[in-house]
Amino acid sequence: MFLIFTFLFGMLIGSFLNVVIYRLPRDENIAFPPSHCPKCGWKIKPWENIPVISYLFLRGKCSSCKNKISPIYPFIELLTGVLFALAYWKYSFTPQGYISVIIISILICIFFIDLEHYIIPDSLLVTLLIVSVLKLFILNQPTFWNALITTGITFLFFYLVYILSKEKFGGGDVKLFTLLALYFGWPLINLLIVLASVSGLLIAGILILAGIIKKDEPIPFGPFIVFSSIITLFYGEELWTIYEEMILVLLL
């Protein structure tokens, strides 16, 4: 029962995240004006703003001007609902569970904004910083010194990458990795970095071979960091154990 409730609540939050994702990179107020069609300005009625259902009922079009509504909107609503339900299943109604759904919300926004605009807004990074610090002091996870040392090393490493790459590696990615190091600590940040690097290289290679992008064409790295963060959030401990065992086998 609570799992279904959490899923539905997550879809409602996903509807709000759609507003954030659209307006934040455009420097628009996320609260005012109320939701409206970006083409004709039609003020969306409450019954036209029900997650997923309204999209299906309207057949993916504005009820006023019939402008097509991107399917990305119901996808984000469903995605948020699924991840919120997974957070409840994993952590239930605990401080870790509440913190997890906040982090998930921030990461979803970062994923889709960076994917479209190649930027990671500082306002989202500041929010991530606040939540990471709260987790550190409320749950003592990671420990203070673990978080401090891991965060410092991660920042120095990726700032060096940023310099050596002549800024081809984004400054926003440096900040995001650094804040995730504060959130996860060692050793989970190591797993996250490996997952992000492998997934990024794999997808980039596939896109280049398929001729979808050119070899020297930049692609946003933020989505891969976010994807790896979600995996680490839910399955980090288990995957790190497997990773350690694999390393030991290779060394022996």
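Here are the numbers for this structure:
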item: Set Ala204, Ala181, Ala210: member being among the small types (Gly, Ala, Ser) and closer than 19 Å to Trp240 by Cβ; result: Ala181
item: Residue in the range 233-252 that is surrounded by the fewest Cβ atoms within 10 Å (Cβ to Cβ), counting only those that are under 28 Å from the mean Cα position of the chain (by Cα) and acidic (Asp, Glu); result: Glu238
item: Residue among Gly14, Gly10, Gly60 that alone is surrounded by 13 or more Cβ atoms within 10 Å (Cβ to Cβ) and over 22 Å from the mean Cα position of the chain (by Cα); result: Gly60
item: Identity of the residue in the range 135-160, surrounded by fewer than 14 Cβ atoms within 10 Å (Cβ to Cβ) and of a type outside the set (Phe, Trp, Tyr), that ends up nearest to Leu180 (Cα to Cα); result: Gly152
item: Residue list for the range 163-205, filter: within 18 Å of Leu233 (Cα to Cα) and surrounded by fewer than 20 Cβ atoms within 10 Å (Cβ to Cβ); result: Trp186, Pro187, Asn190, Ile193, Val194, Ser197, Val198, Ser199
item: In the range 64-95, the residues that are surrounded by 15 or more Cβ atoms within 10 Å (Cβ to Cβ) and farther than 15 Å from Gly14 by Cα; result: Ser64, Ile69, Tyr88, Tyr91
item: Residue that is surrounded by the fewest Cβ atoms within 10 Å (Cβ to Cβ), among those in the range 208-227 that are closer than 16 Å to Lys168 by Cβ and touching a residue at least 40 places away in the same chain (Cβ under 8 Å); result: Pro218
item: Meets criteria (under 20 Å from the mean Cα position of the chain (by Cα) and modelled with pLDDT of 95 or more) for Phe169; result: no
item: Single residue of Ile113, Ile119, Ile103 found to be touching a helix residue (DSSP H, G or I) at 6+ places or on another chain (Cβ under 8 Å) and over 30 Å from Lys61 (Cα atoms); result: Ile103
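The values are calculated or read from the model by the stated rules, or taken from the named source; none is laboratory data. Quick caveat, the model's predicted, so the values are computed rather than measured. With ideal geometry, Cβ positions are generated from the backbone for all residues, glycine too; neighbour counts draw on all protein chains shown.
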